[in-house]
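The values are calculated or read from the model by the stated rules, or taken from the named source; none is laboratory data. Remember, it's a predicted structure, so these values are computed and weren't measured experimentally. Positions of Cβ are generated from backbone atoms using ideal geometry, with glycine treated the same way; all protein chains shown enter the neighbour counts.
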Amino acid sequence: MWSFGGRALSGKDQGPGRPGGTAFAPLQIVRAYWEGLRPARGLPRRSDIDPLGMDQVLVHVFLLERIAPGHARVRLAGHHLAEILGMEVRGMPLTALINPAGRNELPPVLEQVFSGPAILDLALVAEHEFGRPALEARMQLLPVLGDEGRCDRALGCLVSLGRIGRGPRRFTIQRHVLQALDVDLDPPLPPMSPRRQFSPGMAESAPAFVPATAAPPPVQTSTPTPAKGRPHLRLIKFDD
């Protein structure tokens, strides 16, 4: 199920490549919808996106949130993304779709989507083996303004060609194309602190240890000195 703003739609009756006349037609449909929301020299806002405008290809659509430079997680997703990974994908990093050996290739181009901003097209291919037939895919990421007016969201579309087979399926990036956009962003996307860099376990990395600039003052200790003269307490004995 896909939900935006309280509305929920299902993509169970749709399949990869069915909408339109070509296998990757959903990419064109989502791009046309995104272009229709754009103001002059601007970007669509997250609040402007209505799933009813993409209902025929909604199964392929997902929404990303930038969580650190070069990293984003899935906020909402159509059923096709879950089929490819064989699990619920909300909250997962986008790099979960990429083979571990090639995950360093994604962050630099993904960051351009938000900081450029730019449109990113990826050609992907999955490794095939027993139970996992040949599978190729196309992914398109379109920058979107978040709630604070900053470009920290992206509208995505993923279409695969071939049988998915046994999940999870992960891809190698064959090629990427970045299309820079001439837009006015106000306010611009602020840089994130390096201490909030993404870590594979979906947890923030621990802050680096910073030694103190000066040694703390020594703790003053004192040894009690015996009282001089007569003691403060005396034993008094009474005879009956």
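What tally of residues in region 126-151 results from selecting those that are within 17 Å of the chain's Cα centre (by Cα) and surrounded by 15 or more Cβ atoms within 10 Å (Cβ to Cβ)?
10
Of everything in region 42-57, what is within 9 Å of Val144 (Cα to Cα) and buried (at least 17 other Cβ atoms within 10 Å of the Cβ)? Give them in sequence order. Reasoning before the result, please.
Of all residues in region 42-57, those within 9 Å of Val144 (Cα to Cα) come to 43-46.
Scanning region 42-57 gives Leu43, Pro44, Arg46.
When you go through Ala101, Ala82, Ala123 one by one, which is the residue that is aliphatic (A, V, I, L, M), surrounded by fewer than 17 Cβ atoms within 10 Å (Cβ to Cβ) and under 17 Å from Ser160 (Cβ atoms)?
Values: Ala101 fails: under 17 Å from Ser160 (Cβ atoms); Ala82 fails: surrounded by fewer than 17 Cβ atoms within 10 Å (Cβ to Cβ).
Ala123 is the lone residue from the list that is aliphatic (A, V, I, L, M), surrounded by fewer than 17 Cβ atoms within 10 Å (Cβ to Cβ) and under 17 Å from Ser160 (Cβ atoms).
Can you name the condition, by its number, that Val113 falls short on among (1) touching a helix residue (DSSP H, G or I) at 6+ places or on another chain (Cβ under 7 Å); (2) under 23 Å from Gly53 (Cβ atoms); (3) crowded, with 18+ Cβ neighbours inside 10 Å?
Here Val113 clears every test but (1).
Rundown of residues vs (1) touching a helix residue (DSSP H, G or I) at 6+ places or on another chain (Cβ under 8 Å); (2) hydrophobic (A, V, I, L, M, F, W, C); (3) modelled with pLDDT of 95 or more; (4) part of a helix (DSSP H, G or I), yes/no style:
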{"site": "Ala40", "(1), (2), (3), (4)": "no, yes, no, no"}
{"site": "Ser47", "(1), (2), (3), (4)": "no, no, no, yes"}
{"site": "Arg66", "(1), (2), (3), (4)": "yes, no, yes, no"}
{"site": "Arg73", "(1), (2), (3), (4)": "yes, no, yes, no"}
{"site": "Ala82", "(1), (2), (3), (4)": "no, yes, no, yes"}
{"site": "Leu106", "(1), (2), (3), (4)": "yes, yes, yes, yes"}
{"site": "Ile119", "(1), (2), (3), (4)": "yes, yes, yes, no"}
{"site": "Leu141", "(1), (2), (3), (4)": "yes, yes, yes, no"}
{"site": "Leu158", "(1), (2), (3), (4)": "yes, yes, yes, no"}
